[in-house]
Amino acid sequence: MRIIDYREAAAIAPAFSDHEQVSLIQDEETGLQALIAIHNTKLGPAVGGCRMYPYQSLEEALHDVLRLSKGMTYKSAVAGLPMGGGKAVIIGDPHAEKTPELLEKMGEFVNAHDGRYVTAEDSGMSVADLKVMRRKTKFVLGVSDDQEYGGDPSPLTALGIFVGIESAVKHKLNQANLQGIKVALQGAGSVGFHLTKQLIAAGATVYACDINEANSQRVASIGANIVPTQDIFSLEVDVFCPCAMGGVLNDETISVLKAPIVAGGANNQLEFPHHADALQNAGILYAPDYVINAGGIIEICRQLKDEPSALAHSKISEIAKTLTNIFSLSDSTGQTTSKVADGLAEQRFAQTDDKSQAA
């Protein structure tokens, strides 16, 4: 393991200046090439999932882990959790390059941070994978068989998105429920699958796509309508729900969106910050990603504190209230919903700094 030099990282991704530490491991024996980014630990240990993805370069992986870890800081802060933000990414194809040896080495990598970073499940990783990592570190959450869903936070991430969609529909469309609401779901992995079940049960119609055929067939089996991936943005629906990779809201996609609401579970949905303005100018209500998708991290925090599962469900229900407040503040101030959410998170950081200075 080595700490990436500030000047080296800043040359690749200027956003590194916001981070406390970024570590890199390149292990020839197992083939592991991975990064861990610790963005902020003012409110507690940096917590965030471990992602495995076939990045085309180390620079691409670094850019992603920096964005994701910063998003985790803001996510925990807005949700009122005593945790900071971090993230891990493994460079590789999760369907072809994942081995027990590689996962154990990743566990050692996590462990080398002495609890400053605590990991959990993310794209390309499963509860079974995390159990292998846990052979080498105790700093892994979401893997306990005696927890709800075996510790898997995905169903509770989906629950948070569901209540967030309800809030957005009520605010934008003045409809108190999701009966008859049409949703375009991009990404039908674990979160997308559980969200689809909840949406259909509430009377919504789901149009879904996924680059993985097995994922598409799984949501089709519970009632989703499968559409080509290239058509998902331009469907005549009420809600566009991105639940795949980040950066999907950009100049091209926003120009073809017909949905009046964007509310989904993907991290870092905006390609650049100014795309929040583009959505607002187009009359599209945007539910900030790190607010609406906080259900999973709320569950992870509950596991970390060993609290009853009912507390997580109660706190996840508050996501709807938080979003309603953000929407209302955006309407009254003219700021984008993204800017309002950032302000709420940064208020928590400022309060923490004030307390530290007072002490």
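With contacts taken as Cα pairs under 8 Å at a separation of at least 6 residues, the stretch 45-93 carries a relative contact order of 58 percent.
Peptides 201-207, 244-250 ordered by packing proxy, namely the average of other Cβ atoms within 10 Å per residue, highest first: 244-250, 201-207.
Where does each of 213-225, 112-124 land if you order them by average Cβ count within 10 Å, highest first? If you can, show how the numbers build up before the last one.
Values: 213-225: 15.7, 112-124: 20.6.
So the peptides 213-225, 112-124, ranked by packing, come out 112-124, 213-225.
If you wrap the Cα atoms of the chain in a convex hull and average its projected area over all directions, you get 17.7 nm². When you restrict to C-alpha pairs under 8 Å that are six or more residues apart and normalise by the size of the chain, the relative contact order lands at 15 percent.
Within the stretch 36-87, all pairs of alpha-carbon atoms sorted by distance into 5 Å bins from zero give the percentages 5, 25, 30, 18, 12, 7, 3, 0.
Using the Stokes-Einstein relation with a Kirkwood hydrodynamic radius computed over Cα pairs, the translational diffusion coefficient of the stretch 51-182 at 20 °C and a viscosity of 1.002 mPa s comes to 129 µm²/s. Considering only 186, 332, 227, the residue lying farthest towards the positive end of the dipole of the chain is 332, judged by Cα position with unit charges set on Cβ.
Packing-based ranking of 311-317, 161-167 yields 161-167, 311-317, ordered from highest to lowest mean Cβ neighbour count within 10 Å. Using a cut-off of 23 Å between Cα atoms, the listed pairs 42/75; 70/339; 75/197 include 75/197 as exceeding that distance.
If you count only protein heavy atoms and use a 1.4 Å probe, how large is the accessible surface of residue 240, to the nearest 10 Å²? Residue 240 has an accessible surface of roughly 0 Å² with all protein chains in place. A Förster distance of 30 Å, applied to the separation of the beta-carbon atoms of residue 173 and residue 214, puts the FRET efficiency at 0.35. Normalised by the number of residues in the stretch 16-162, the mean separation of alpha-carbon contacts (under 8 Å, six or more apart) gives a relative contact order of 24 percent. Cross-link partners of residue 131 among lysines, defined as those whose alpha carbon lies under 21 angstrom from its own and excluding same-chain residues fewer than eight positions apart: 87, 98, 105, 305. How far apart, in nm, are the 7 Å Cα→Cβ label points at residue 325 and residue 126? In this crude label model, residue 325 to residue 126 measures out at 3.9 nm. How large, in percent, is the carbon and sulfur part of the accessible surface of the chain at a probe radius of 1.4 Å? For the chain, the apolar C and S fraction of the accessible surface comes to 48 percent. Grouping the Cα pair distances of the stretch 304-346 into 10 Å bins from zero gives a pair-distance distribution of 27, 38, 25, 11, 0 percent in increasing distance order.
Run through the DSSP bridge list for the chain and note the antiparallel percent, rounded to the nearest 5.
On the way: 15 of 43 bridges.
Of all bridge pairs located within the chain, approximately 35 percent are antiparallel.
Counting only Cα atoms, the size of the stretch 201-341 along its three principal axes is 43, 43, 27 Å, in decreasing order.
Could you compute the net charge surrounding residue 38? Neighbours are other residues with a C-beta less than 13 Å from the C-beta of residue 38; K and R count +1, D and E count -1. Write out the running numbers ahead of the final one.
On the way: positive: 42, 70, 87, 116; negative: 18, 20, 114.
It works out to a net charge of +1.
For the stretch 142-224, what is the convex hull volume of its Cα atoms per residue in Å³? If you can, show how the numbers build up before the last one.
On the way: hull volume 7.8 nm³, N = 83.
Convex hull volume per residue, Cα atoms: 94 Å³.
The values are calculated or read from the model by the stated rules, or taken from the named source; none is laboratory data. If you're wondering where the values come from, they're calculated on a predicted model, not measured in any experiment. All Cβ positions, even for glycine, are placed from backbone atoms using ideal geometry, and neighbour counts span all protein chains on display. These accessible areas exclude ligands, DNA and RNA; they are computed on the full protein's heavy atoms, side chains included. Shrake-Rupley method; radii C 1.70, N 1.55, O 1.52, S 1.80 Å.
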